[in-house]
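A.B. asks: My structure is below; once you've seen it, I'll send some questions.
The values are calculated or read from the model by the stated rules, or taken from the named source; none is laboratory data. Remember, predicted model here, so these are calculated numbers, not experimental data. Positions of Cβ are backbone-derived with ideal geometry, glycine not excepted, and every protein chain shown enters the neighbour counts. Areas reflect the complete protein model, heavy atoms only, side chains present, ligands, DNA and RNA absent. Shrake-Rupley method; radii C 1.70, N 1.55, O 1.52, S 1.80 Å.
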Amino acid sequence: MTLDPNELSSGDLYGYLSTAVAPRPIAFAATVDADGRVNLSPFSYFNVFSTRPPMLVFSPIRRGRDGSAKDTLHNVQQVPEVTINVVNYAMVEQMSLTSTEYATGINEFAKGGFTEVASKAVRPPRVGEAPVSFECRVTEVIALGEGGGAGNLVLCEVVRIHIQDELLDEDQKLITRKLDLVARMGGNDYCRITPETLFEIPKPLRTCGLGVDQLPAHIRNSAVLTGNNLGRLANQEQLPDAETVERVRSLADVQRARRRGTVHLHELAQRYLGEGRVMEALAMLV
Ligand SMILES: Cc1cc2nc3c(=O)[nH]c(=O)nc-3n(C[C@H](O)[C@H](O)[C@H](O)COP(=O)(O)O)c2cc1C
């Protein structure tokens, strides 16, 4: 199916965009209006876009029914400061509750049962329960349109970062496996990042991988090896040297697989890949 956004209803368009562009992290944004009244709302049109300057961007969109702006947008236009609080699993139900359209001036910290902690450098408080909070100055608000559904990019420069101590290792680095982050999917779906759902891929940044196009055709066209297998093999900087090939070929399981045929050999290479023995997998295949 191929779609033209102009031929879709706003509801359908939102559905395709927000289901396909996922998971999205959640900015739990606290702002204040000119009278100092506090607001707290979640936004999953959100991400980090620059390291130095440290910039986060989130987007309160205009309401579909009447094109009106949300309190958060009004607030950052009056007082260009915000705290962006990261959401973990322990907070997710209360966070969802705060997305209710309470009347202007209602403090969603109270509605959601969250703790207001005074910020160091900005007026809006931060969420005491959040694993990580960013105090930010709003440097610019960019309207992407005027009608219902139009986003407003709120560009936020991070001026302070607060991290719960128990989430740090001995080098003061954040531990992903302890954060228990949640993210927004399409519809009512969320996902939760646990040690079981995480996996690692060695970074190709410092090396220059061969590329899939440099793998011999019988590997590239294998009926057994998957795209992920080829990606991992082709992340090697070079094909194995003759000595490695000879050593690997002399291994008993490799000899057995070679005798039984290509499918068995490729299945064995796949097993080696699963064990992180990438060069040996490549050596038995070339
Ligand atoms: C997890 C989650 C993510 C959301 N993401 C957005 C978003 O990116 N943009 C948006 O305009 N509304 C988003 N909403 C809805 C707003 O939170 C909701 O409209 C809220 O009432 C706005 O509050 P305010 O008028 O106090 O600013 C989201 C709601 C939830 C629960």
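A.B. asks: In Å², and per residue, what accessible area does the chain have when probed at 1.4 Å with the other protein chains present?
C.D. replies: Dividing the accessible area of the chain by its residue count gives 57 Å².
A.B. asks: Then there's this: If you wrap the stretch 5-197's Cα atoms in a convex hull and average its projection over all directions, what's the area in nm²?
C.D. replies: Orientation-averaged projected area of the Cα hull: 11.4 nm².
A.B. asks: Hey, another quick one. Per 5 Å bin from zero, what fraction in whole % of the C-alpha pairs of the stretch 1-92 is there, up to the bin with the longest pair?
C.D. replies: Histogram of Cα-Cα distances, whole percents per bin: 3, 11, 18, 20, 19, 15, 9, 4, 1, 0, 0.
A.B. asks: Nearest 0.05, what FRET efficiency do L8 and A183 give at R0 = 35 Å with Cβ-Cβ as r?
C.D. replies: That gives a FRET efficiency of 0.90.
A.B. asks: Sort S9, S50 from largest to smallest accessible area, using a 1.4 Å probe on the heavy atoms of the protein chains.
C.D. replies: S9, S50
A.B. asks: Still on this structure, please answer the following. Which value, in Å² rounded to 10, gives the accessible area of L3 with a 1.4 Å probe and all protein chains present?
C.D. replies: 80 Å²
A.B. asks: Something else now. Summing -39500 (n - 2.57) over the DSSP H runs of n ≥ 4 in the chain and dividing by its residue number, what mean residue ellipticity at 222 nm do you reach, to the nearest 500 deg cm²/dmol?
C.D. replies: It comes out at -7500 deg cm²/dmol, rounded to the nearest 500.
A.B. asks: V76: net charge of surrounding residues, Cβ under 11 Å, Lys/Arg +1, Asp/Glu -1, itself excluded?
C.D. replies: Computed value for this residue: -2.
A.B. asks: Can I ask one more? Throw me the Rg/Rh for the stretch 212-285, computed over C-alpha atoms with Kirkwood Rh, two decimals.
C.D. replies: Rg/Rh: 0.92.
A.B. asks: Then there's this: Find out how many positive minus negative residues lie around S10, taking Lys and Arg as positive, Asp and Glu as negative, among other residues whose Cβ is under 15 Å from that of S10.
C.D. replies: Combined, the nearby Lys, Arg, Asp and Glu give -2.
A.B. asks: Running a GNM on the chain with Cα contacts under 10 Å, which residue among S250, S41, S68 ends up with the highest mean-square fluctuation?
C.D. replies: In this elastic network of the chain, the residue with the biggest mean-square fluctuation among S250, S41, S68 is S250.
A.B. asks: Could you calculate the FRET efficiency of T104 with E140 from 1/(1 + (r/R0)^6), where r is the beta carbon distance between them and R0 is 22 Å, rounded to 0.05?
C.D. replies: For T104 and E140, the calculated efficiency is 0.40.
A.B. asks: For the stretch 114-262, just the Cα set please: Rg and Dmax, both in angstrom.
C.D. replies: Over the stretch 114-262's Cα set, Rg and Dmax evaluate to 25.0, 72 Å.
A.B. asks: Tell me the carbon and sulfur percent of the accessible area for the stretch 5-197, rounded to whole percent, probe radius 1.4 Å.
C.D. replies: 51 percent
A.B. asks: While we're looking at this one, here's another question. What is the extension gain from R249 to C191, computed as 0.36 nm multiplied by their sequence separation minus the C-alpha to C-alpha distance, in nm to one decimal?
C.D. replies: Working it through step by step, the gained length comes to 16.5 nm.
A.B. asks: Let me ask something else. Give, in nm to one decimal, the length gained when the segment between L97 and D241 is fully stretched (0.36 nm per residue of separation minus the Cα-Cα distance).
C.D. replies: 45.8 nm
A.B. asks: Solvent-accessible area of H264, probe 1.4 Å, all protein chains present, reported in Å² to the nearest ten, please.
C.D. replies: Per-residue accessible area (H264): approximately 60 Å².
A.B. asks: In addition: Summing +1 for each Lys or Arg and -1 for each Asp or Glu, what net charge is found among the other residues whose Cβ lies under 15 Å from the Cβ of S44?
C.D. replies: Spelling it out: positives minus negatives among the neighbours equals +3.
A.B. asks: Provide the FRET efficiency to the nearest 0.05 for the A223-I161 pair, computing r from the beta carbons and using R0 = 51 Å.
C.D. replies: After rounding to 0.05, the efficiency reads 0.55.
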